[in-house]
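These notes are about the structure you will find just below.
The values are calculated or read from the model by the stated rules, or taken from the named source; none is laboratory data. Just so we're clear, the structure is a prediction, and the values are computed from it rather than from any experiment. Here the Cβ positions follow ideal geometry from the backbone for every residue, glycine too, while neighbour counts run over all protein chains shown. Accessible surface is based on the protein model in full, side chains and every heavy atom, while ligands, DNA and RNA are left aside. Shrake-Rupley method; radii C 1.70, N 1.55, O 1.52, S 1.80 Å.
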Amino acid sequence: MLTAAPLLSPPPPPPPRCLVAGPLRCHAPTQKAAAASASAAGRGLLLRGAGSPVVKRAPGGWLLWYQCGARVALAASTDGLRWGPPVEPDPLVASTDWWAFDTAAVRPSDVLLFSGPDASARSGFPSSAVYWLYYSGSTDERFDSPFPAAAAAAAAAEDVPALPGLAISQDGRHWARIEGDHHTGALLGVGEEEEGEPRRGWEARCVAAPKVVLHAEGDLRMYYHSFDEMSQRHAIGLARSKDGVRWRKAGKVLEGGKAGSFDEGGVRHGHVVRDRAAGRYVMVYEGVDANGRVSIGMAVSEDGLKGWRRSSELPILRPSDDDEGWDSTAVGSPCLVQMDGAYDWRMYYMGVGRDGEAAIGMAYSEGHGLQKFEKWDAVLM
């Protein structure tokens, strides 16, 4: 694989940390952070000053793309737990084209990795691996803070103009944007018609957080979220594509829960994975309650297209009960990874504490049928 040697080599020293209230800056975990992760307040913590994790297992190690201020950063790991400082230069930054949809900030959403002959066929050039990065881009500078401290501010930040984009790379570090059909270069626009339906425009504010699943050759599914003006809450929609570039919307697949539920205020940031053991599709997502508190829930579907149902009326991961916890205010942006054991999973997620700092953590499920997730512990693991 092209990335293994350069990504896992010792990178330069990291810059200093900063709070989410301003633009995020990337840095590697410090001894202080490592020590904190062994305490109750620090359980689950992997990387401070980072948000919107996209984690992939690749030959030679683990790769983590994440939001760092207005740009996308990349870190590498041998075990998916201890991460190095960001690779330089930054893999993806805001566009300099005045007409583009992503001139203020970019945020990673998902990465598809193709290898071998399939990579060459998709990219049009010889390669042992090709990465497809789906991301959200915005012309609003508020988009560079992934998880502001206050719930009201978080809701406002989620509703800034944002559209989905695509970039491809041979090494995961150097990217070339692929222009979509939208006049801004985005893959989709807001308020466009759906398959077999008149123009409804339930997503009039944004089309954000595109998570893409390759179901079969010629059948790609994109799960995204937007804000429904009618219900006044977030919902998750679906778009389909034959080539991963040109997309057609197919309507909502998941909406907010009933009154009193952990997600009655809406659902967003849905990450979908095909479960090898059960042969069904699993979605982890952010759920917002009536008070704006953000937790992580789970839904399942037999075909990934319709019939999504919550696996439980309770969230699978809540903010920490410890007021000093790094994720005591909110948890979200989940990224689910199925391990070698068919019933073993890791869920990487973003959290924010009382100080307003965003960070990335991990919880795991072992043999619980995805019903129970525990935050990782540096001592136990």
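Full extension from residue 179 to residue 306: what is 0.36 nm times the residue separation minus their Cα-Cα distance, to one decimal in nm?
This chain segment gains 42.8 nm when fully extended.
With the crude spin-label approximation of a point 7 Å out along Cα→Cβ, what separation in nm comes out for residue 231 versus residue 276?
The answer from the label model is 3.4 nm.
Excluding ligands, DNA and RNA, what is the solvent-accessible area per residue of the range 251-298 at a probe of 1.4 Å, expressed in Å²?
On a per-residue basis, the range 251-298 sits at 33 Å².
On the Cα set of the range 283-326, report Rg and Dmax in Å, please.
According to the Cα coordinates of the range 283-326, Rg and Dmax are 12.8, 41 Å.
Run the simple label-point estimate for residue 314 and residue 204 please: 7 Å along Cα→C-beta, distance reported in nm.
Modelled inter-label distance: 3.9 nm.
Based on alpha-carbon positions alone, could you give the equivalent ellipsoid semi-axes of the range 237-381 from the gyration tensor, as √(5λ), descending, whole Å?
Rounded to whole Å, the semi-axes are 25, 20, 14.
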